[in-house]
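Remarks on the structure that follows.
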Amino acid sequence: MSHVFHRQSNAAYPVAVAGDGPWLIDDQGRRYLDACGGAAVCCLGHSDATVREAIREQAESLAYAHSAFFTTRAAENLANHLIARAEAEIPDNRLDKVYFVSGGSEAAEAALKLARQYFLEIGQPTRHRVIARRQSYHGNTLGALSVGGNQWRREPFEPMLMPATHIAPCYAYRDRAEGESEEAYGRRAADELEAAILDLGSETVAAFIAEPVVGATAGAVPAVPGYLTRIRDICDRHGVLLILDEVMCGMGRTGHLFACAEDGVSPDILLSAKGLGAGYQPIGAMLCSARIHDAIAGGSGFFQHGHTYMGHATACAAALAVQRRLHDDGLLDNVGVQGSALRAALEAAFGQHPHVGDIRGRGLLLGLELVADRATKAPFDAAVRLNARVKREAMARGLMCYPMGGTIDGRRGDHVMLAPPFIIGPEHVSEIVEKLGQALAAAL
Ligand code: PLP
């Protein structure tokens, strides 16, 4: 009998005991090809020698020093690296400071509080509202859940959530009208933000938060070209901070270290986690502009937020080793190559499948939307529990993929997300598609 409080109380989990590149191995010696990086985390696979060595070195000299007393070389070096990459890669980059936390939800909480405190510091105390999108996930803590749009995750806790305004996502597969160009659709979707700001009164709005590529709630849905540029412009015209949540889609997963670079847009605040430490240590980060930082530095001088493990030296050292591997070994080129190969193979295998409505994504963040009827795009009934079945059938075949239910017009829908490590080769691409095909055939 296990004393671990597992999330799914009736599940019998295999015991993971070892990693071997993109494979996980359980205590029975069974091997699982990790085609989803857990939850888009393990971008370097499970046994990277460089990262393990960096962790050992840091832990041997100094594992942890509380951030209220010290900074560390590991934290300083990692922040320098991230800002240098942002400067090099994001057009008109605004990001200049890095606030380290332990994961994605903490990064979202920090961003919401930073946005609020920024407006207090600059003498605009009426700005406290946050606008987000209906199809979004920003974390499971109460602040992050409040701005997230996944109804299933929100429902039990609704009375405890803070008020937030939700607008439509940018979801071309379902929302682009027939005959409407991508550009026109992107403008229409972005203009919902302006309408919401005007409706609330721009003097009350602090921030808009969105994922450049929607991950867990929608299965790798990128914005159409031009959408984020217009969002940036709307935020600037109304003095609203733009928070981009790259917890899942950032750190190279789309083929760019920062997903927003591909859209040509710099946020005021960017959230990072998952691929930042690649699962070797729990770490997240909130990057923000000098303008926001300096308002606090030149005002109260104190950001009223923090956690015990922020800037954890061993986590920062691991993340720096991960980031250097991505950069120095050109791994993002492989994201482009294998991402295109995987997408092409998915289209060849499932492009005409009666229950695959859409194949989408960027780089090695790809999704299939599963529908009961391809012509009407009607989702499967939630009672079918398709997600659980696909996951079970895939695991039985030694494949880890990420089937999830999202929210489509207030109803649950199904998708399978793939987010394999950046180190995969053509043989892994073939195996993923073959086993996924078998799992879908068994589950549907
Ligand atoms: N933001 C996004 C876009 C995510 O995908 C996630 C996790 O899936 C989070 C935030 C929350 O991150 P964490 O689970 O590390 O708290």
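What follows is calculated from the coordinates using simple rules that are stated; it is not laboratory data. This structure is a prediction, so every number in the text was calculated from the model and none was measured. We place every Cβ from the backbone using ideal geometry, glycine too, and count neighbours over all the protein chains shown.
Points worth noting:
- Each of Y185, T126, G143 was placed along the dipole of the stretch 65-209 (beta-carbon charges, centred on the mean Cα), and the one lying farthest toward the positive end is G143.
- Extension gain (nm, one decimal) between T141 and R385, 0.36 nm per residue minus Cα-Cα: 85.3 nm
- If you plug the beta carbon distance of D27 and W152 into 1/(1 + (r/R0)^6) with R0 = 30 Å, you get a FRET efficiency near 0.40.
- Counting all C-alpha pairs of the stretch 287-444, share separated by more than 23 Å (%): 53
- Relative to the Cα centre, the charge distribution of the chain, modelled as +1 at Lys and Arg Cβ and -1 at Asp and Glu Cβ, gives a dipole magnitude of about 860 debye.
- The stretch 55-328 - Kirkwood radius from inverse mean 1/r over Cα pairs (Å): 18.9
- Peptides 434-440, 413-419 ranked from most to least packed give 413-419, 434-440, packing being the mean of other C-beta atoms within 10 angstrom over each peptide's residues.
- Cα-based radius of gyration for the stretch 70-223, normalised by 2.2 N^0.38 Å, reads 1.16.
- Share, in percent, of DSSP beta bridges within the stretch 126-241 that are antiparallel, nearest 5: 20
- Convex hull volume per residue, computed on the Cα atoms of the stretch 340-419, equals 92 Å³.
- Working ranking of peptides 136-149, 337-350 by packing, defined as the average number of other Cβ atoms within 10 Å per residue, highest first, is 136-149, 337-350.
- Residues M395, M400 arranged by fewest to most Cβ contacts within 10 Å: M395, M400
- For the chain: lysine pairs under 30 Å (alpha-carbon distance), excluding those fewer than 8 apart on one chain: 8
- Summarising the amide proton neighbourhood of V224: residues at separation of 5 or more, or on other chains, whose placed amide H is nearer than 5 Å comprise an empty set.
- Residue order for F119, F303, fewest other beta carbons within 10 angstrom first, comes to F303, F119.
- Ranked D329, D48, criterion: other C-beta atoms within 10 Å, fewest first: D329, D48
- Here the peptides 372-383, 316-327, 193-204 are ranked by packing, the mean other Cβ count within 10 Å, and the order with the highest first is 316-327, 193-204, 372-383.
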